[in-house]
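Novice: One structure, as structure tokens, below. Some questions next.
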Amino acid sequence: MAAAAGGGADGATMLVRCLRAEGVDHVFGLVGGKLAPLLKALAQERAITFTGVRHESSAAMMAAAAFAGRGRIAVAIGEMGPGALNLAAGLGGAFANNLPLLAITTNQHRAAAYPHAGMFMDLDSVALTRPVTKWNAVVHDARRLPDLVRRAFREALSGRPGPVHLDVPQDVLSSPCMLADGEDAIAPERYRALDRPRPCADAVARAVACIGQARRPLIVAGGGVVAADAAGQVRALAARLGAPVLPTQMALGVVASDSAHFIGHGGLIAGSPVWQAIAAADVIVAIGCRHSSWMWDDKGPMVRRTHRVVSINIDPAALGHPVLHEVAMQADARAALDDLLAALGPAPALAVETGWLDGARAARRDYRARLDAMADEAGEVMHPAALARAVAQALPRDALAVYDGGHTTFWSNDFTGVAALRTRFHEPGMSHLGFGLPHALALKRVLPDRPVFNLTGDGSFGFTVGELDTARRYRLGVVTIIHNNASWGVIRAGQKHQGFDFATSLEDTDYAAIARGFGCHGETVTRADEVAGAVGRSLASGLPAVLDCRTRFVPHPCMPGFGAMNRYGFEALTGAAG
């Protein structure tokens, strides 16, 4: 037996041992007094690296980023009351983007919690986080910790992945814990399924029949492809079908941006080549895609009821909503594509129109030429397209890049080349401004040998600028490049369209000086030809860096379409008459 007196096995120690059994090697959080037993146990565990942040929401964003960057779950911790409130903000993005993590909070001792007795910082943290987690629970007894931690990982990593939460009252963390030997070290394969669920044979046969009739096939690849590590299978299917590929914002890099099958990233903001390809396609193979509003126009989902859709998704709730299908496969993306490719054979007989793929690619080249022409426009202040292109040209080949900011992400999405999975990161689900710096810092923490860039807007950067202190303390040499148009640019444009301008100015802030105040490298950049030199100096400094790049606001070509998407009607989702 493991006894508290002999092995120091209090609840916190048991909890850390269970994390170690799952292979957790990174915990992000903010220290707090009621967390002391857990912090002590973490301090004694050499296999787990702790990163202390300045705000708990950043801890949740960083834990999500750690999974996004390498497919390995991490933990975020927060104190009771305000700590849980702050964590919830970061959990929202993880939940909306299907990124698993384990959040751990503490609470009042059991005599004063659930129901709470009215002490300071009282909060039902489980009720708070329920809308932004797949599963959560209170640990009322330390002896339940191994069971509930295993349940948490099973829920987080099975089926549609997502964040989970355990609330552990302070006295449970410090309680003696008597358990059978080995109860805290059970291997994951003993308590959760690790095999990939395959589709049924009948569904595969029907999918092959549907695809065999396609004259203009199109592949839409979502975040499920990344989670399943199925990019190779998507590329193989594209080659077999002669099909263009549209990766969503959660699937950046499924096909390289210089691939013969690439027509743009992310649906709506990829511009006319994608809109035209979706409209012209007759059969769409949608893999691990939820068809969120990034894939909508003013009429709702751009994949219409007139399309024949083969839909592959591990989440049954995503099959048939909001896009109806001809064939549905509830399966892991990689397993389903393996079976589909085997059934198609090495040289399937297809009726694909000659010139279908070439025409889609030509439309993409023409669109990119129009963007380059915008980047070439002269002006006293940099055009955002000119900055985005200069940044793309300055990035090292092995760089990781995060896209943050409402308007900045559009330009970054257009110009930043993508060669592989898990190298470019966006937050489309919650679109939480300010996620970029925490996300980038976590990438640097778990992948220290890779150069990491945070491409953000001035408004977005202000949300989490305090994490420059975290960057400096841990010497996380992330380079932040700010598109600084000194305003809430998209909001100002919308207000001016309605005839007013209220509270949108962000003028006269010197972000480079702020960075230097934190002990980081900081420079102001005013011309596109200065970007490469500033990036080189930032990397050479070995410090976290901020490049305050002064740009003007120019509406992205897809802004009108983005606005129209937000004005969709009830009929778009229900099919009801107007």
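The values are calculated or read from the model by the stated rules, or taken from the named source; none is laboratory data. Here the structure is a predicted model, which means the values were calculated and not measured. So basically every Cβ, Gly included, is an ideal-geometry build from the backbone, and we count neighbours across all protein chains shown. Quick note on the areas: whole protein, heavy atoms, side chains included, nothing else; ligands and nucleic acids left out. Shrake-Rupley method; radii C 1.70, N 1.55, O 1.52, S 1.80 Å.
Novice: Name every residue in region 94-113 that is within 18 Å of VAL164 (Cβ to Cβ) and either in a loop (DSSP other than H, G, I, E, B) or open to solvent by 10 Å² or more (accessible area, probe 1.4 Å) (or both), in order of residue number. It would help to see each step written out before you state the result.
Specialist: Here is the first cut: in region 94-113, the ones within 18 Å of VAL164 (Cβ to Cβ) are 94-107.
Once the filter is applied, which keeps residues that are within 18 Å of VAL164 (Cβ to Cβ) and either in a loop (DSSP other than H, G, I, E, B) or open to solvent by 10 Å² or more (accessible area, probe 1.4 Å) (or both), region 94-113 yields PHE95, ALA96, ASN97, ASN98, LEU99, PRO100.
Novice: Right, THR408: at pLDDT below 95 and among the β-branched types (Val, Ile, Thr) or not?
Specialist: Against the criterion (at pLDDT below 95 and among the β-branched types (Val, Ile, Thr)), THR408 qualifies.
Novice: Pick out, from region 216-332, the helices (runs of 4 or more DSSP H) lying fully within it that include 1 or more residues that are under 18 Å from the mean Cα position of the chain (by Cα). Working first, answer last.
Specialist: Values: elements: 223-227, 231-241, 272-280.
Because the criterion is at least 1 residues that are under 18 Å from the mean Cα position of the chain (by Cα), the helices (runs of 4 or more DSSP H) in region 216-332 that meet it are 223-227, 231-241.
Novice: Here's another thing I want to ask about it. Inspect region 247-264 for any residue being under 17 Å from GLY561 (Cα atoms) and touching a Leu at 6+ places or on another chain (Cβ under 8 Å) and give the result as yes or no.
Specialist: Checked region 247-264: at least one residue is under 17 Å from GLY561 (Cα atoms) and touching a Leu at 6+ places or on another chain (Cβ under 8 Å).
Novice: State which residue is most open to solvent (accessible area, probe 1.4 Å) when the search covers only region 291-335 and only residues that are of a type in the set (A, V, I, L, M) and over 26 Å from ALA236 (Cβ atoms). Break it down into steps so the answer makes sense when it comes.
Specialist: The first filter runs over region 291-335 and keeps only residues of a type in the set (A, V, I, L, M), leaving 295, 302-303, 309-310, 312, 314, 317-319, 323-324, 327-329, 331, 333, 335.
Checking which are over 26 Å from ALA236 (Cβ atoms) leaves us with 317, 324.
Values: ALA317: 71, LEU324: 88 Å².
Here the residue is LEU324.
Novice: If you check VAL16, VAL24, VAL75, which single one turns out to be of a type outside the set (Asp, Glu), without any contact (Cβ under 8 Å) to a residue 40 or more places away in the chain, open to solvent by less than 30 Å² (accessible area, probe 1.4 Å) and closer than 20 Å to LEU148 by Cα?
Specialist: Step by step, each of VAL16, VAL24, VAL75 is checked, and only VAL16 is of a type outside the set (Asp, Glu), without any contact (Cβ under 8 Å) to a residue 40 or more places away in the chain, open to solvent by less than 30 Å² (accessible area, probe 1.4 Å) and closer than 20 Å to LEU148 by Cα.
Novice: Moving on to the next point. Only one of these conditions is not met by THR509: (1) closer than 17 Å to ALA390 by Cα; (2) among the β-branched types (Val, Ile, Thr); (3) surrounded by fewer than 17 Cβ atoms within 10 Å (Cβ to Cβ). Which number is it?
Specialist: (1)
Novice: A further question follows. Can you find even one residue in region 338-351 that is of a type outside the set (Phe, Trp, Tyr), closer than 17 Å to VAL245 by Cα and open to solvent by 40 Å² or more (accessible area, probe 1.4 Å)?
Specialist: no
Novice: Does THR470 satisfy the criteria of being under 23 Å from LEU87 (Cα atoms) and open to solvent by less than 30 Å² (accessible area, probe 1.4 Å)?
Specialist: Judged against the criteria, THR470 is a match.
Novice: Please work out which residue is surrounded by the most Cβ atoms within 10 Å (Cβ to Cβ), limiting yourself to region 355-371 and to residues that are in contact (Cβ under 8 Å) with a residue 12 or more places away in the chain and farther than 16 Å from CYS558 by Cβ.
Specialist: Checked region 355-371; the qualifying residue surrounded by the most Cβ atoms within 10 Å (Cβ to Cβ) is ALA360.
Novice: Could you figure out which of (1) assigned to a helix (DSSP H, G or I); (2) more than 14 Å from PRO197 (Cβ to Cβ) isn't true of LEU350?
Specialist: So LEU350 meets the others, but not (1).
Novice: So, one more: Residue by residue through region 474-506, note down the ones that are surrounded by 13 or more Cβ atoms within 10 Å (Cβ to Cβ) and in a strand (DSSP E or B). Spell out the reasoning first.
Specialist: First, the residues of region 474-506 that are surrounded by 13 or more Cβ atoms within 10 Å (Cβ to Cβ): 474, 476-495, 501, 504, 506.
Selection gives VAL479, THR480, ILE481, ILE482, HIS483, ASN484, SER487.
Novice: So for region 362-381 (the condition being within 30 Å of GLY563 (Cα to Cα), in a loop (DSSP other than H, G, I, E, B) and of a type in the set (Lys, Arg)), does at least one residue qualify? Before the answer, list the steps.
Specialist: Just the residues of region 362-381 that are within 30 Å of GLY563 (Cα to Cα), to begin with: 362-381.
The next check asks that each one be in a loop (DSSP other than H, G, I, E, B); those that pass are 376-381.
Okay, now just the ones that are also of a type in the set (Lys, Arg), so none.
Within region 362-381 (the criterion being within 30 Å of GLY563 (Cα to Cα), in a loop (DSSP other than H, G, I, E, B) and of a type in the set (Lys, Arg)), the answer is no, since none of the residues qualifies.
Novice: So, in region 114-162, of the ones that are open to solvent by 40 Å² or more (accessible area, probe 1.4 Å) and of a type in the set (Lys, Arg), which residue ends up farthest from ALA60 (Cα to Cα)?
Specialist: Residue satisfying both the conditions and the ranking: ARG143.
Novice: Quick check: anything in region 36-56 surrounded by 24 or more Cβ atoms within 10 Å (Cβ to Cβ), among the aromatic types (Phe, Trp, Tyr) and not in a loop (DSSP other than H, G, I, E, B)?
Specialist: Looking for residues that are surrounded by 24 or more Cβ atoms within 10 Å (Cβ to Cβ), among the aromatic types (Phe, Trp, Tyr) and not in a loop (DSSP other than H, G, I, E, B), one finds none in region 36-56, hence no.
Novice: From the list VAL402, VAL465, which one is modelled with pLDDT of 95 or more, aliphatic (A, V, I, L, M) and open to solvent by less than 30 Å² (accessible area, probe 1.4 Å)?
Specialist: One residue alone meets the criteria, VAL402.
Novice: For region 275-297, check the following and say yes or no: at least one residue is in contact with a helix residue (DSSP H, G or I) (Cβ under 7 Å, 6 or more places away or on another chain) and of a type in the set (Ser, Thr, Tyr).
Specialist: Yes, because at least one residue in region 275-297 is in contact with a helix residue (DSSP H, G or I) (Cβ under 7 Å, 6 or more places away or on another chain) and of a type in the set (Ser, Thr, Tyr).
Novice: Continuing with the same structure: Would a scan of region 491-506 turn up a residue that is modelled with pLDDT under 95 and under 25 Å from ASP376 (Cα atoms)?
Specialist: yes
Novice: Follow-up question, since we're still on this one. Going by what's in this entry, would ARG397 be described as in contact (Cβ under 8 Å) with a residue 40 or more places away in the chain, under 18 Å from GLY536 (Cα atoms) and either open to solvent by less than 10 Å² (accessible area, probe 1.4 Å) or not β-branched (Val, Ile, Thr) (or both)?
Specialist: Numbers: in contact (Cβ under 8 Å) with a residue 40 or more places away in the chain: no; under 18 Å from GLY536 (Cα atoms): yes; either open to solvent by less than 10 Å² (accessible area, probe 1.4 Å) or not β-branched (Val, Ile, Thr) (or both): yes.
When the stated conditions are applied, ARG397 does not pass them.
Novice: Please tell me if ALA270 is crowded, with 22+ Cβ neighbours inside 10 Å, modelled with pLDDT of 95 or more and within 15 Å of PRO244 (Cα to Cα). Please lay out each step first, then the result.
Specialist: Values: crowded, with 22+ Cβ neighbours inside 10 Å: yes; modelled with pLDDT of 95 or more: no; within 15 Å of PRO244 (Cα to Cα): yes.
Answer is no for this residue.
Novice: Any idea which residue in region 417-454 is least open to solvent (accessible area, probe 1.4 Å), counting only those that are without any contact (Cβ under 8 Å) to a residue 60 or more places away in the chain and part of a loop (DSSP other than H, G, I, E, B)?
Specialist: In this case the residue turns out to be GLY434.
Novice: Shifting gears a bit: Return only the number of the condition from (1) surrounded by fewer than 18 Cβ atoms within 10 Å (Cβ to Cβ); (2) of a type outside the set (Lys, Arg); (3) farther than 30 Å from VAL27 by Cβ; (4) modelled with pLDDT of 95 or more that GLY519 does not satisfy.
Specialist: The failed condition is (3).
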